[in-house]
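Every number in this text was worked out from the coordinates using simple rules, so none of it is lab data. Remember, it's a predicted structure, so these values are computed and weren't measured experimentally. Every residue, glycine among them, receives a Cβ derived from its backbone with ideal geometry; neighbour counts consider all protein chains shown.
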Amino acid sequence: MTEKNTRVVIFIFLDGNKILIEKRVLEDFEEEQYLIPGGIIEATESVEQALKRECLEELGVIPLDFIPLPTKNKIIGLKNQTLVPYLINRWSGKLPKIILDIGNPLVWLPINTVLNSPVKPTREIAEALKKHLSL
């Protein structure tokens, strides 16, 4: 069970107007849903350390250039975690077709498709990303 104060770093990879998305079956949903990949920030590490560690564990890549995604409000995950989204501008390595540690498929979806996600945190991150990119 995830505790209330757990923080999760979210990694946003872009290819033009498409975003890298993980397909996963979630509780309370009958069909696969789209999530933006991420991982738990351990108590002993910074957000940037967690970003690098989780990207390597889950995607086999090392982020080289990244910035926090500006968000208007705090984004709360499905298990009451605080989500900390980062936009990855440049990385070392090749992105896989699955999440390496659990095997869920990865797909590239247009940001506008992600905006229609029934998963509220995914939708909120996509909204913040669209706003950030239009500046």
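Remarks
- For the listed residue pairs 72/130; 97/120; 52/74, the alpha carbons are over 20 angstrom apart in 97/120; 52/74.
- The spacing between segment 12-44 and segment 74-97, judged by their C-alpha centroids, is 8 Å.
- Evaluated with a Cβ-only charge set (Lys, Arg +1; Asp, Glu -1), segment 1-72 carries a dipole of roughly 320 debye about its Cα centre, given to the nearest 20.
- Rg over Rh for the chain works out to 0.92, using Cα positions for both radii and the Kirkwood form for Rh.
- Here's how it looks for residue 69: its modeled amide H is under 5 Å from those of 86, 87, which are all 5 or more places away or on a different chain.
- Of the peptides 115-126, 57-68, 42-53, the order by per-residue mean of other Cβ atoms within 10 Å, starting with the highest, comes out as 115-126, 57-68, 42-53.
- Net lengthening on full extension, residue 25/residue 53 (0.36 nm per residue, minus Cα-Cα): 7.7 nm
- Peptides 93-99, 77-83, ordered by how many other C-beta atoms sit within 10 Å of their residues on average, highest first, read 77-83, 93-99.
- Over the residues of the chain, the helix contribution to mean residue ellipticity at 222 nm works out to -7000 deg cm²/dmol, using -39500 (n - 2.57) for each DSSP H run of at least 4.
- Ranking of 72, 130 by count of other Cβ atoms within 10 Å, fewest first: 72, 130
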